[in-house]
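Quick notes on the structure that follows.
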Amino acid sequence: MTVELFSNVLVLAPHTDDGELGCGGTMARFVEQGARVTYAAFSIATRSVPDGFPRDILATEVRHATTAIGIPEDDLRVFDFEVRTFPANRQEILERLIEIQSDLQPDLVLMPSLNDLHQDHQTIAQEGLRAFKRTTLLGYEIPWNNITFNHQVYVTLERRHIDKKVAALLCYQSQQHRNYAREDYVRNLAFTRAIDVGRDLAEVFELYRWVV
Ligand SMILES: [Zn+2]
């Protein structure tokens, strides 16, 4: 895959940090190559923020994190669907996705895997497939949520891309209690995936649509 094929990339994140976790390095690579990258987050999880943080802290943190990746503030879109209610709000979410489709007309969409177990991630993946079925569409990897995952697409990365992913995840001060955001895990996962294809670092994706 040459990422230069794409110039208008859309990342769908059910919750604010999912996109950085699943494809933060890939986003950094696209931005570096001059692609427009739009980040759409569907929840700032106001009810699950740890004590001691403002309820809307994730709205601030996602802005800092996407800036760390190199995404302009105008290309960040944040919605506030309540965590774990996405299946009940399926139709409204689909309507937001269709609006984004007609507004942006992306040539590549990165979304959670259809095999992701989290109900909100599943909803974004299923409705994302409906809204963007005419577009190249890949599922990013969130290993602790994926019951199974087909490593079909490898985006090879340089250290500087993973550095930006790590920097973005560090912007989520309210989420530092989560072990999957740990820097050593993030770096080791990229290293582990890259071994398959004889490279140094990579993120992997499932392929749902490939339109060239
Ligand atoms: Zn999530």
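Residue by residue, here is whether (1) away from the ligand (no atom under 15 Å from the Cβ); (2) farther than 25 Å from A181 by Cα; (3) within 14 Å of the chain's Cα centre (by Cα); (4) modelled with pLDDT of 95 or more holds:
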{"position": "E61", "(1), (2), (3), (4)": "no, no, no, yes"}
{"position": "F81", "(1), (2), (3), (4)": "no, no, no, yes"}
{"position": "T85", "(1), (2), (3), (4)": "no, no, no, yes"}
{"position": "V109", "(1), (2), (3), (4)": "yes, no, yes, yes"}
{"position": "Q119", "(1), (2), (3), (4)": "no, no, no, yes"}
{"position": "Q122", "(1), (2), (3), (4)": "no, no, yes, yes"}
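Selection of the stretch 127-146 for residues being within 16 Å of the ligand (Cβ to nearest atom) and surrounded by fewer than 19 Cβ atoms within 10 Å (Cβ to Cβ) yields P143, W144.
Condition check ((1) farther than 23 Å from I162 by Cα; (2) surrounded by 14 or more Cβ atoms within 10 Å (Cβ to Cβ); (3) touching a Pro at 6+ places or on another chain (Cβ under 6 Å)) across all residues:
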| residue | (1), (2), (3) |
| --- | --- |
| L94 | yes, yes, no |
| I100 | yes, yes, no |
| D103 | yes, no, no |
| L108 | no, yes, no |
| H118 | yes, yes, no |
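If the condition is being of a type in the set (V, I, T) and over 15 Å from the mean Cα position of the chain (by Cα), then the stretch 124-135 contributes only T135.
In the set Y180, Y154, Y185, only one residue is surrounded by fewer than 18 Cβ atoms within 10 Å (Cβ to Cβ), within 15 Å of the ligand (Cβ to nearest atom) and either assigned to a helix (DSSP H, G or I) or at pLDDT 95 or above (or both); that residue is Y180. Screening the candidates G19, G24, G52 for the property of being within 19 Å of G139 (Cα to Cα) and either within 11 Å of the ligand (Cβ to nearest atom) or without any contact (Cβ under 8 Å) to a residue 24 or more places away in the chain (or both) yields one hit, G19.
The single condition from (1) more than 16 Å from the ligand (Cβ to nearest atom); (2) at pLDDT below 95 that A45 fails is (1). Tell me, yes or no, whether the stretch 195-204 has at least one residue that is over 25 Å from D107 (Cα atoms), modelled with pLDDT of 95 or more and assigned to a helix (DSSP H, G or I). Yes - at least one qualifying residue is present in the stretch 195-204. Looking across the stretch 167-177, just one residue is over 17 Å from P50 (Cβ atoms) and surrounded by 20 or more Cβ atoms within 10 Å (Cβ to Cβ), and that is A168. Could you check the stretch 119-151 and list, in sequence order, the residues that are of a type in the set (G, A, S) and in a strand (DSSP E or B)? Answer for the stretch 119-151, where residues must be of a type in the set (G, A, S) and in a strand (DSSP E or B): just G139.
The values are calculated or read from the model by the stated rules, or taken from the named source; none is laboratory data. Just so we're clear, the structure is a prediction, and the values are computed from it rather than from any experiment. When we count neighbours, we look across all protein chains shown, and the Cβ atoms used for this are built from the backbone with ideal geometry, even at glycine.
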